1. For the chain, max minus min Cα coordinate along each principal axis, in Å, sorted largest first?
2. Order 5-11, 74-80, 27-33 from most to least packed using the mean count of other Cβ atoms within 10 Å.
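FYI, it's all coordinate maths here, none of it is from the lab. Computed from a predicted structure; not experimentally measured. A quick note on method: Cβ atoms are made from the backbone with ideal geometry, for glycine too, and the neighbour counts reach across all protein chains shown.
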Amino acid sequence: MATMRYHDGQDVQLGDIARFGDEDTCRVVVLIDQQLALEGYIADEWAYLGGGCVLLTGASGLVHYPADALGDDADVSLLERA
């Protein structure tokens, strides 16, 4: 299990708030590989996706990112640690 990282190399942590696209923000609500989830979410319910994380965005709702995709997306960047 590799550590998920943002485009700038910082580790993704549960509860992080990040920029999502040009005008939206998101919160990391599930880390699938580590089986961690914020209150109100169940990590095991997302296991069928095979890993990665789930982000709650303002405009798009819940978005899954595979473990190897988030680091390639410069449009998702850390704003604040939980």
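1. Principal extents (largest minus smallest coordinate, Cα): 31, 25, 20 Å.
2. Values: 5-11: 12.3, 74-80: 13.9, 27-33: 22.4.
Per-residue Cβ counts within 10 Å, averaged per peptide and sorted highest first, yield 27-33, 74-80, 5-11.
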